[in-house]
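Take a look at the structure below.
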Amino acid sequence: MAATISYDDVQVGTELPAQSFPVTRATLVRYAGASGDFNPIHWNEKFAKEVGLPDVIAHGMFTMAEAIRVVTDWAGDPAAVVDYGVRFTKPVVVPNDDKGALIEVGAAVAAKDDEARTVRVDLVARCDGQKVLGMARAVVKLA
Amino acid sequence: MALDQSFVGRTYPATDPYEVGREKIREFAEAVGDANPAYTDPEAARALGHPDVIAPPTFVFAITFKAAGQVVQDPQLGLDYDRVVHGDQRFEYVRPVRAGDRLTVTSTIDSIKSLAGNDVLLVRGEVHDADGELVVTAHTKLVARAAEEA
């Protein structure tokens, strides 16, 4: 583990650089293949609407994977993340057009643990102005 | 109908080993658009102190979720999979998953609750390497929505 951010340089309230992640239907097909999650709600509009969804939605785990990039890019070593959890509160709806959807992720240090030299980072992920993840938290071991 | 509480604490047999390949990690990293070299370049991973390329934090879900299928599809438990949505997900890491790992998953039902007619199932997946060392624990909350809401 080799985080490049020093524990002592981080305060409660320190903001991590925010990032935005575009997601199109092609992204979802690719993620389905890579993850092995072929649930048709993530690629078949007809099926998604039949089960009551407004349209095809992104895999919750895709959103979870994107959100943590804000932390791993900041920490320097992805292995600095020792705990990561989210609640899937709202689906990311992905229309069948050139634009798709945009997942916007911000994060800030919410707590410090002097003994473990870890920080708790609280993440906020939004799509179309609505929160798509709840209780999104990562514990990060810093240098 | 509420699920049988006596299934709480039930542990399912460990899965067959899943061998983590460098190219599978690369495929996953590319699918989430993550260019971090620790996922694709063994030299970059070694520079961070890892013996080989490591996997992005959520990579292991593909393995743990497949293992959780034993629980979800247990005919005795009787969960209606067509009504199941993924509620929460959490990972506790001992170390990152890395190329060359041979991982087995042991799934346990941690809790069963009934909330407003929904069945809420918490499944713990403990992921061990070939030496039997714990690598990561996945906590997956599955919600089976009440039939009338489906």
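Only a single criterion out of (1) in contact with a helix residue (DSSP H, G or I) (Cβ under 8 Å, 6 or more places away or on another chain); (2) farther than 18 Å from B:Arg95 by Cα; (3) more than 10 Å from every other protein chain (Cβ to nearest Cβ) is not satisfied by B:Thr40, namely (2).
So which residues in segment B:49-72 are facing chain A (nearest Cβ under 9 Å), assigned to a loop (DSSP other than H, G, I, E, B) and open to solvent by 30 Å² or more (accessible area, probe 1.4 Å), if there are any at all? Listed by number, the list holds a single entry, B:Gly49.
Every condition in (1) surrounded by fewer than 17 Cβ atoms within 10 Å (Cβ to Cβ); (2) farther than 19 Å from B:Arg102 by Cα; (3) more than 8 Å from chain A (Cβ to nearest Cβ); (4) touching a strand residue (DSSP E or B) at 6+ places or on another chain (Cβ under 9 Å) holds for B:Ala35 except the one numbered (4). Pairs meeting the criteria (first residue in segment B:131-145 and part of a loop (DSSP other than H, G, I, E, B), second residue at pLDDT below 95 and not charged (D, E, K, R), beta carbons under 6 Å, at least 6 apart or on different chains) are B:Arg145/B:Asn118. Put simply, of B:Pro42, B:Pro75, B:Pro13, B:Pro37 the only residue that is over 21 Å from B:Val135 (Cα atoms), at pLDDT 95 or above and of a type outside the set (D, E, K, R) is B:Pro37. Across segment B:32-48, the qualifying residues are those that are part of a helix (DSSP H, G or I) and not hydrophobic (A, V, I, L, M, F, W, C), and the one among them that is farthest from A:Asp83 (Cα to Cα) is B:Glu43.
Within segment B:90-104, take every residue that is within 14 Å of another protein chain (Cβ to nearest Cβ) and in a strand (DSSP E or B) and give me the one that is least open to solvent (accessible area, probe 1.4 Å).
Ranking the qualifying residues of segment B:90-104, first place goes to B:Phe91.
Checking each residue in segment B:19-33 for being touching a residue at least 12 places away in the same chain (Cβ under 8 Å) and closer than 18 Å to B:Thr64 by Cβ picks out B:Glu19, B:Val20, B:Gly21, B:Ile25, B:Phe28, B:Val32. For B:Arg22, the conditions (1) touching a Leu at 6+ places or on another chain (Cβ under 8 Å); (2) within 19 Å of B:Arg102 (Cβ to Cβ) are fulfilled apart from (1). Of the residues that make up segment B:73-88, is at least one charged (D, E, K, R), touching a residue at least 60 places away in the same chain (Cβ under 8 Å), within 11 Å of another protein chain (Cβ to nearest Cβ) and part of a helix (DSSP H, G or I)? Yes: segment B:73-88 contains one or more residues that are charged (D, E, K, R), touching a residue at least 60 places away in the same chain (Cβ under 8 Å), within 11 Å of another protein chain (Cβ to nearest Cβ) and part of a helix (DSSP H, G or I).
The set of residues in segment A:1-47 being facing chain B (nearest Cβ under 9 Å), under 19 Å from the mean Cα position of the chain (by Cα) and open to solvent by 70 Å² or more (accessible area, probe 1.4 Å) consists of A:Pro22, A:Arg30.
Touching a residue at least 24 places away in the same chain (Cβ under 8 Å) and more than 8 Å from every other protein chain (Cβ to nearest Cβ): does that describe A:Ile103? The answer is yes for A:Ile103. The single residue among A:Asp83, A:Asp55 that is in contact with a Lys or Arg (Cβ under 9 Å, 6 or more places away or on another chain), modelled with pLDDT of 95 or more and surrounded by fewer than 17 Cβ atoms within 10 Å (Cβ to Cβ) turns out to be A:Asp55. Give me the residue from segment A:86-100 that is buried (at least 20 other Cβ atoms within 10 Å of the Cβ) and free of Cβ contacts under 8 Å to residues at least 60 places away in the same chain and, out of that set, nearest to A:Met135 (Cα to Cα). For segment A:86-100, the residue satisfying everything is A:Val86.
In segment B:105-130, how many are assigned to a loop (DSSP other than H, G, I, E, B) and either open to solvent by 50 Å² or more (accessible area, probe 1.4 Å) or on the phi > 0 side of the Ramachandran plot (or both)?
Number satisfying all stated conditions: 3.
The values are calculated or read from the model by the stated rules, or taken from the named source; none is laboratory data. Keep in mind that what you see is a predicted model, and the values were worked out from it rather than measured. Here Cβ is always computed from backbone atoms with ideal geometry, including for glycine, and neighbour counts include all displayed protein chains. Only protein heavy atoms, including side chains, enter the accessible area calculation; ligands, DNA and RNA are left aside. Shrake-Rupley method; radii C 1.70, N 1.55, O 1.52, S 1.80 Å.
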